[in-house]
Each structure stands twice: as C-alpha cells, then as structure tokens.
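The values are calculated or read from the model by the stated rules, or taken from the named source; none is laboratory data. Being a predicted model, the structure only gives us computed values, none of them experimental. For neighbour counting, all protein chains shown are included, and Cβ atoms are generated from backbone atoms with ideal geometry for every residue, glycine included. When the accessible area is computed, the model is the full protein with side chains, heavy atoms only, and any ligands, DNA or RNA have been set aside. Shrake-Rupley method; radii C 1.70, N 1.55, O 1.52, S 1.80 Å.
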Amino acid sequence: MGFGRRKDTASRPWRLSAKLLIVSSIVTVIGFSAICTSVMLDMRHSEEELARQTLENLASGVDSDIGRNLEIYDLSLRAVATNMVSPEISEVSKPLRQLILFDHAATARHFGAIQVFDARGKLIIDASTLDPFPEDRSGEEYFRVHQEQPDVGLFISRPTLHHGAYAIVLSRRITGEDGRFLGVVAGSIRFSYFHDLFGRLRLGAEDIITVFRHDGTVIMRTPFDLDLIGKNLGDVPGVKRALSEPSGSYSGVGSISHSPRLYVWRDGTRPLVVLVGKPWADIYRLWRIEATRIGAIMAALAAFVLGVTLFLAREISRRAEAEEKLEELATTDALTGLRNRRKFDASIEAEWRRAARQKRQLALLMIDADYFKTFNDTFGHQAGDEVLIGIAICISDSVRRPGDCAARYGGEEFAVLLPDLSPAQAFAVAETIRLKVEQWCGETATTTVSIGVASVIPDVNSEWTSIVNAADKALYAAKAGGRNRAVLASNPKLSLVA
C-alpha cells in the first residue's frame, strides 16, 4: 500500500548513508592501496637503477684494470717487435740484446716472460734467460694467426696451459721492412692475475663476472668454472649483444645457473669484454622485505577500516530499522494495523499534488461501518473492536497496489486513497470491499459497510479537502439509500464522474 512506498522513501537516506559509508571506505582503501603500490613500484625501479649503476661501476673498474694491464703488456710486445727488425740487434752480444729488448718490458708476478719466435716457430730469445731451451710453437693458434694474417695486431689466445700454468697468451707479429713475416713476440698473463683481481672485490654469492674475448670465448669467470673456461658463448643473444655494443645491460638466464639475472657491460670495444651479472632475487631482496612489511601494514589497516565501516554500516542500518519501526508506530493505527489519520492526511496531500502536476486521476473511498454504535452498545467494546479489525482485514485484502493508502479515518470510519484509478475502477474496488465485509459477517449480518466513492483529476489551484467532501457526500447518500452499498459521487466542478 502507499504507506509502504513512503516508508521506503523515508528510510532511503539512512540506506544511502550506509552504502555511501561503505563505498567511501572502499574507495579510500583502494586509493591508499594505489598510492602505496605506486610508491612500491617506484622503490622497485629505484632498486633496479641502483643495481644497474653499481654493476656498471663494477664492470668499469674491472674493465679498466684489465685494459690497463693489457695495454702495458702490449707496449712491451710492441717495443720488442720493433727492435727485432733493427739490423744492429743481431750483431750485439746476448746480454746487450737482452738489455735492449727487455729493459723497459713490463714485469709483474702474474706476467709471463716475453719470448721471441722466428718465422719457423722456433724459440730464439727468452726474456727470462740468455740460453733458452728449444721450443717449437709453430702449431700454436697465436703463431698461425700472425703467420696468416699480417694485420691482426695484438692477438689474445684462448685460455691454455702455458709453461705449467693456466694463462692467456698475448702476441704480436714481427714484420720486416719488406713486409715479410719474421716471427712472433709473445708473452702471457696467468690466471692468478684474474683470481687476485676478483678476490679483491666484494661480490654476492650469486654474482658473476665473465671476461670474454671478442669472438665470445670465455677467458675467465668468477665463480671459477673450468668447464666454462675456453668455451665459446658468442651465439648466446645477450653475449652477442655485449660484444657488438659499446655498453648496455640486459636481463637473461645464465648458462649454468638458470636464475634470471641483470647483466651489465661497460666497453665492448676493448680486446677483452667484462660482463657482470647479479640475480634479480638479490637485487629485489631488500625491496621485497620492505614491500612485504608495508603490504602487511596496509592489509591490516584495510581490514581495520573495512571492519569499522561494516560495523558502522550495520549500526546505521539498525538505527534506520528502529526509526522505520518508530515511523510505522507513529503512522499506524494500533487497533487495525492500517495507516492512521495523520499519515493519511500527509499521503493525500502528496498524491493530490502529484496528480495535479501530472493531470492524472485520483480516487478516494470513504467507508463507514453500518449500525456500529448500536452494535457496540449491545455487544460491548471488545466485540466492536473485533468488527473494526475484520473490516480492516477486508480492506487490506482488497487494496494491494504499492501506491494505495488504506487508513482508519476515525472511529468506525475508514478511508482508501487510490491513485490513477478511474471512477469505474474505484467503484469496483469499493464493491469488492463491501462484498468481502458482507461475506465475513455471514448470515447473521453482524455489520456491513457503506462506501462513498469519488474520483477526480485535481486542479493545481484546488485543495484535496474537496475530494474528501465529495466522498463524504457519496457516503451519506449510501447511508440514506439503505446502507450496505457503494455510491459514486458526481461533481462537475471537480471533474467527478458519477
């Protein structure tokens, strides 16, 4: 009935408040979560950039140390190769020749002695002794390279066992003034140099440093793995990129350990290229700890906020229900359960204005119990109350639309407001109510009802009391006509239809 719709309308602000509170809390939690996620992503990016810079510095330091030693040793090789083509070198004594060739040669505990081989690969001069033991290096890679390629320059060999120690051999071609191949000058840098260099660094357990020759051959690696030393990894995409670009970085999986790493190199133009790798798990370790901590705090705060929100929303709903019950008690007739007079007046006021704006029909039934005063005096007030309750039930059973409003108007009189019903439709409802009351009373005909029916299209300048007066006149007509009947009012000024 109409009071149900108005109750929903009245409680809607409370329901909206509860929903708005929940939505606001959810939006707030999502907003803070988005901010924290953004901050954490920035922190992650910062960790990545810091790791990249650290690896670049490490690669640069290692590369500079290796490059400097290669350059120093190469200068010694160049000097020997240049002096060997001098005509006077063959005419001086061995001690003087040693002094001329090797006086300024680089010496260090990791550097092997410089040796000179003739065009047939035979050892003719050794910086470590005046009378070297015979050696034939014609089958070595570095000798054949210089013999076949005049412009190769400084050549760095594959890792090899050289004079009882693992080393790389550095060599240069000795070329005569006429361009003839006169031999090779060669020296070595032992692996102990790289072990000593890498041992001075503070590396993580999973950090990797690999030194490559320009064809992709692994010269040295830490952690040291003899199976990888001398292996060619030039076809690995990341290695191929490091050997072809001056500097850069990439993310990839190692050839042995399959954990993803960040790899960085600084100068791919040097004879030896240094590639440094660090596992992403190590790079993000501190970030993950911080992210977990912040995530746990945010989850706890979100749970707290949502819990408090749900609690408050439930309290708001309870308060809304309590106010709805109070509203219902304030607008409901205690005896019959129908709307009371105050609620009916408010409803007819609202419906009258709505019908006037929309130019729609509005019908009203005024119902009165026949001979109720006599019945009440005869059988008592309790029996009279039972009759009123029975009439109210008959009315409620006949009026079921959401917009309808059935009310106890006063005493034994009832009113039913029927929006959007034509006179004929309103009269049909009145007859339904009358017949139900008649059937409920039975053959004894304890009581019946008389009904006045009025239907009007309200005018904006008129008052709703006019339809009440019209229905009242129709009710009086029904009483005068013998009771237990419904009469339809007619009033042309109010567009009432008889």
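Can you tell me which residue in the range 26-35 is farthest from Ala296 (Cα to Cα), limited to those that are more than 11 Å from the chain's Cα centre (by Cα) and open to solvent by less than 60 Å² (accessible area, probe 1.4 Å)? Looking at residues that are more than 11 Å from the chain's Cα centre (by Cα) and open to solvent by less than 60 Å² (accessible area, probe 1.4 Å), I get Gly31. Could you tell me whether the range 112-125 includes any residue that is modelled with pLDDT of 90 or more and in a helix (DSSP H, G or I)? No - not one qualifying residue is present in the range 112-125.
For the range 217-245, taking the residues that are of a type in the set (Val, Ile, Thr) and either farther than 13 Å from Pro159 by Cα or in contact with a Cys (Cβ under 6 Å, 6 or more places away or on another chain) (or both), the one that is surrounded by the fewest Cβ atoms within 10 Å (Cβ to Cβ) is identified as Val236.
Go through the range 422-445 and give me each residue that's hydrophobic (A, V, I, L, M, F, W, C) and out of contact with any helix residue (DSSP H, G or I) (no Cβ under 7 Å at 6 or more places or on another chain).
Once the filter is applied, which keeps residues that are hydrophobic (A, V, I, L, M, F, W, C) and out of contact with any helix residue (DSSP H, G or I) (no Cβ under 7 Å at 6 or more places or on another chain), the range 422-445 yields Ala424, Ala426, Phe427, Ala428, Ala430, Leu435, Cys441, Ala445.
Of all residues in the range 162-188, those satisfying the criterion of being in a strand (DSSP E or B), out of contact with any helix residue (DSSP H, G or I) (no Cβ under 6 Å at 6 or more places or on another chain) and farther than 14 Å from Tyr142 by Cα are Ala165, Thr175, Leu182.
Rundown of residues vs (1) surrounded by fewer than 19 Cβ atoms within 10 Å (Cβ to Cβ); (2) more than 30 Å from Phe212 (Cβ to Cβ); (3) free of Cβ contacts under 8 Å to residues at least 12 places away in the same chain; (4) among the hydroxyl-bearing types (Ser, Thr, Tyr), yes/no style:
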{"site": "Ile294", "(1), (2), (3), (4)": "yes, yes, no, no"}
{"site": "Leu301", "(1), (2), (3), (4)": "yes, yes, no, no"}
{"site": "Phe304", "(1), (2), (3), (4)": "yes, yes, yes, no"}
{"site": "Gly307", "(1), (2), (3), (4)": "yes, yes, yes, no"}
{"site": "Glu315", "(1), (2), (3), (4)": "yes, yes, yes, no"}
{"site": "Leu335", "(1), (2), (3), (4)": "yes, yes, no, no"}
{"site": "Asn340", "(1), (2), (3), (4)": "no, yes, no, no"}
{"site": "Gln358", "(1), (2), (3), (4)": "yes, yes, yes, no"}
{"site": "Gln361", "(1), (2), (3), (4)": "no, yes, no, no"}
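Being out of contact with any helix residue (DSSP H, G or I) (no Cβ under 9 Å at 6 or more places or on another chain), crowded, with 20+ Cβ neighbours inside 10 Å and over 29 Å from Ser60 (Cα atoms) is a condition met by no residue of the range 118-133.
Checking each residue in the range 367-425 for being modelled with pLDDT of 90 or more and of a type in the set (Asp, Glu) picks out Asp368, Asp370, Asp385, Glu386, Asp397, Asp404, Glu412, Glu413, Asp420.
Within the range 373-416, if we keep just the residues that are of a type in the set (Phe, Trp, Tyr) and crowded, with 19+ Cβ neighbours inside 10 Å, the residue that is nearest to Ile433 (Cα to Cα) turns out to be Phe414. Once the range 246-271 is narrowed to residues that are part of a loop (DSSP other than H, G, I, E, B) and surrounded by 15 or more Cβ atoms within 10 Å (Cβ to Cβ), the residue that is modelled with the highest pLDDT is Ser247.
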